Every structure is written in structure tokens, then in C-alpha cells.
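One structure below.
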Amino acid sequence: MGLFKQNVAIDLGTSTVLVCVGHKGVVLKEPSIVAVKTNTRNIVAIGEDARQMIGRTPDDVTTVKPIQNGVISSFTITKKMIRFFLNKALSNPLKRIFLPDVILCVPSKTTNVERRAVEQAAQDAGAHRVFLVEEPLAAAVGAGLDISRPSGHMIVDIGGGTTDIAVISFDGIVTSKSVKVGGNDFDETIKNYLKRSRNLMVGDTTAEYVKIEAGCLYEGVRNDSVEVHGSDILTGLPSEYVVTSQELAESLVSTALPVLDGIRAVLEETPPELAADIYTKGILMTGGGSLLAGFDELIRKTTGVEAFVADEPQYCVARGSIEILNRMSKNKKDAYGIKR
Ligand SMILES: Nc1ncnc2c1ncn2[C@@H]1O[C@H](COP(=O)(O)OP(=O)(O)OP(=O)(O)O)[C@@H](O)[C@H]1O
Ligand SMILES: [Mg+2]
């Protein structure tokens, strides 16, 4: 690898894009949002600048999320977004002359067509070589697991729009399932709860704030409260309400059920030897959604398997991806079922 040749990992998430460069760790973290002119589709802003515009712009500017449930929904916009973030992360112009090798992660159930789209987007955005890695493998490596042994691990990666459940062993995925429920669905549940039972209308940002400040999935693990400001649905006037962790726990738990069902289904499909490993080691939770208080406890109580949240779970996929690419360029060999 040349002096200026860079390794870059991009976690193209539904809510957040993370970029790791070389051995520097996460150097960029921005919302996966792009603001475009409604009529021309010309890009006005990308990332954090675009997020600031949500709900605050005239009709001729629309904000789009080019990644939906972990897959590209708008190819052209995704390409431009990747290029923008790549250039921002590789701020030294000298380094941009030497096109970086880029590793991107894809959810385990991504189709070949979708894989090629992601790959092409990175290629067009200015990558030298592009590698794809399955998200659960990256998450496990990023959480510090040694997955190279023939021993079973279960990873539950709870993102913004989806939850990826996978059993891995010997650097590969044995069984997996993707559930279309993620952290954002809890925001939606909070919005509906406040509207239905408190006549209070709040926006997405407020709902997420409530979730982070007082949200809870298992009664008793948290006892916080937060003052919510919104508008009264009957009068339309500003209104407020103090919501507690306890009432949130009651209303949020049903939203988590598909995740619990998914875990049970994957466990049922897991060969007995690997299932025994998982019962011994527990379930590893990654992704920002796993920070919702009580999620681990809910999984423990409903599946009977120990569950624990990784350190800084929202960074596991990005950190694991760069580690895999760095190891590959050091050992000059492909691993982890990486497709080129
Ligand atoms: N402290 C917290 N408590 C609860 N939820 C949190 C917390 N921090 C982040 N989240 C939630 O995590 C989710 C985003 O997680 P993450 O960044 O892993 O998603 P992503 O990788 O962009 O999405 P995906 O993997 O689905 O494509 C959001 O719903 C966010 O509200
Ligand atoms: Mg993710």
C-alpha cells in the first residue's frame, strides 16, 4: 500500500452514515439525508446541513433519505452522497489523488442487484477497489469478537429502519433474518401514543428525543420523565405534557415484538451445536437502536438467553468494516465472504 493510499469504510445506514479512514477510527458521522430542489432534483445540501432543513424549508426544497431500510432507494442521490462524504472524510487533497479502497457493508439479506448498485455507487463516487461485507460480520468484529473459530455467535443489529439478526461462525453467516423494525419505529410509536392518549402532536425529532431521554422497553429498568412540547390536536395551540419511562414502557413494548419473534425464529433454525454456543455466550446487541433502555432485559426475559449491548453499539459496523479491510490489505487475502 502506497504512502497516500487510504483504506476507507463506509457504513451506509438508514439514519446515519459513518466513515472510518485507515487507523483513525470514525472520522465522519452525518445523517443520511439529502435536500433537493423539488422540481429539478438538484442537490441543495447533504448530511447535517440537510437535516437542519427538515420541516423548515419552503415547498420547493424536499429532504430525501436515499437509503431506506438499509438499501438504496435513490441511486443517483446515493452516489452523490457517497462522493460528498468521501471527499469530506479525505480532507487532504493529496490523498484524494490516490483513489481509496472502500469497504461498504450491506444487510445480510441484500439481493445481488442491490449489492451491485451499492458497489457501483461507490465506484462512481471515486473508489479504487470496492469490497462489500455482510453487516453482522462487521458488527461482530467491531464489537471485538473473534469470529474466526467454528463457534456460534448471535448478533442482533438494531438500526434505524431494520434489525438484522444473524448467527455466525467460522467467519460466515449460518442463518439470518432481517426484520423491518428499528429505532425509528419506536419514535413513531411515541408520536402515536402522545397523539392518541394525550392529544399532543409532536414531530419526529421530538419523538426521538423523548425516546432517548426517557424511553424504556422493560418496566422498572428506568424511571425518568421528560417534558414534551408540541401542539394540541384539538385547539392547534402549543401544549406540553410530562411523559414517564413507565408509560413509555407500556406503549413501546408491542413495537419490539417482531424483533423478539425474529430472534426466536433464527434460534429455531440454528443447528444444535451452534445454538448451545449461543446459550453459553449470549446474544450480542449492536446498532444505535440497542441503546433503548431495557431492550437487553426484554430479550433476556422473552428468549431465556443472556443478551448484552456492545460498547458504543452504533459504531460497531463501521469499526468492524475498516478492521476487516485493514487486515485484508495487510494479509493480502480475502476473508469474511467479501465479494468484489
Ligand atoms: N441513546 C439512544 N437511545 C435509544 N435509541 C437511540 C439512542 N441513540 C441512537 N438511537 C437510535 O438508533 C437508531 C439509529 O441506529 P443506527 O445508527 O445503528 O442506524 P443505521 O445504521 O443508520 O440504520 P440501519 O442499520 O437500519 O440502516 C435511531 O433510531 C436512533 O434514534
Ligand atoms: Mg446500521
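Can you compute the modelled spin-label distance between ASN42 and VAL61, with each label point 7 Å from Cα toward Cβ, in nm?
According to this spin-label approximation, the distance is 1.4 nm.
If you find the alpha carbon centre of the stretch 209-256 and of the stretch 94-161, how far apart are they in angstrom?
Measuring centre to centre over Cα atoms gives 35 Å.
Would you mind calculating the relative contact order of the stretch 1-135 from Cα pairs under 8 angstrom and at least 6 residues apart, reporting the percent as a whole number? It would help to have the intermediate numbers written out before the result.
Details: 251 pairs, mean separation 33.1, N = 135.
With pairs under 8 Å counted, the relative contact order is 25 percent.
Over 24 Å apart: what share of the alpha carbon pairs of the chain falls there, rounded to a whole percent?
Working: 33097 of 57630 pairs.
Of the Cα pairs, 57 percent sit more than 24 Å apart.
Semi-axes of the equivalent ellipsoid of the stretch 148-310: what are they in whole Å, largest first, if each equals the square root of 5 times a C-alpha gyration tensor eigenvalue?
Computed over the stretch 148-310, the values are 35, 14, 11 Å.
Tell me the mean residue ellipticity at 222 nm calculated for the chain from its helices only (DSSP H runs of n ≥ 4, each -39500 (n - 2.57), averaged over every residue, nearest 500).
On the way: 11 runs with 132 residues, N = 340.
That comes out to -12000 deg cm²/dmol.
May I ask which residue of ILE158, TYR209, ILE173 lies farthest towards the positive end of the charge dipole of the chain, with charges of +1 (Lys, Arg) and -1 (Asp, Glu) on Cβ and the Cα centre as origin?
ILE173
Here are some pairs, LYS5/LYS29; LYS37/LYS191; LYS5/LYS281; LYS180/LYS330; LYS88/LYS177; which of them have Cα atoms lying more than 31 Å apart in this structure? Could you put the intermediate results ahead of the total?
On the way: LYS5/LYS29 22 Å; LYS37/LYS191 28 Å; LYS5/LYS281 39 Å; LYS180/LYS330 37 Å; LYS88/LYS177 34 Å.
Among LYS5/LYS29; LYS37/LYS191; LYS5/LYS281; LYS180/LYS330; LYS88/LYS177, the Cα-Cα distance tops 31 Å for LYS5/LYS281; LYS180/LYS330; LYS88/LYS177.
Measuring from label point to label point, each 7 Å out along Cα→Cβ, what is the GLU247 to ARG115 span in nm?
Computed distance between label sites GLU247 and ARG115 equals 4.9 nm.
Once whole DSSP H runs in the chain are found, which of them have Cα atoms spread over 30 Å or more along the helix axis and a mean Kyte-Doolittle score of at least -1.0? Each step should come with its number before you reach the end.
Details: long enough: 245-269 (35 Å, 0.44).
Length and hydropathy pass: 245-269.
Please identify the trypsin sites (Lys or Arg not before Pro) of the stretch 9-91 that satisfy two criteria: DSSP loop assignment and at most 11 other Cβ atoms within 10 Å. Which are they? Present the calculation step by step, with values, prior to reporting the outcome.
Numbers: sites: LYS24, LYS29, LYS37, ARG41, ARG51, ARG56, LYS79, LYS80, ARG83, LYS88; in loops: LYS24, ARG41, ARG56.
Within the stretch 9-91, the qualifying trypsin sites (Lys or Arg not before Pro) (loop, at most 11 other Cβ atoms within 10 Å) are LYS24, ARG56.
No lab work stands behind these numbers, since they all come straight from the coordinates. Source: prediction; values computed, not measured. We place every Cβ from the backbone using ideal geometry, glycine too, and count neighbours over all the protein chains shown.
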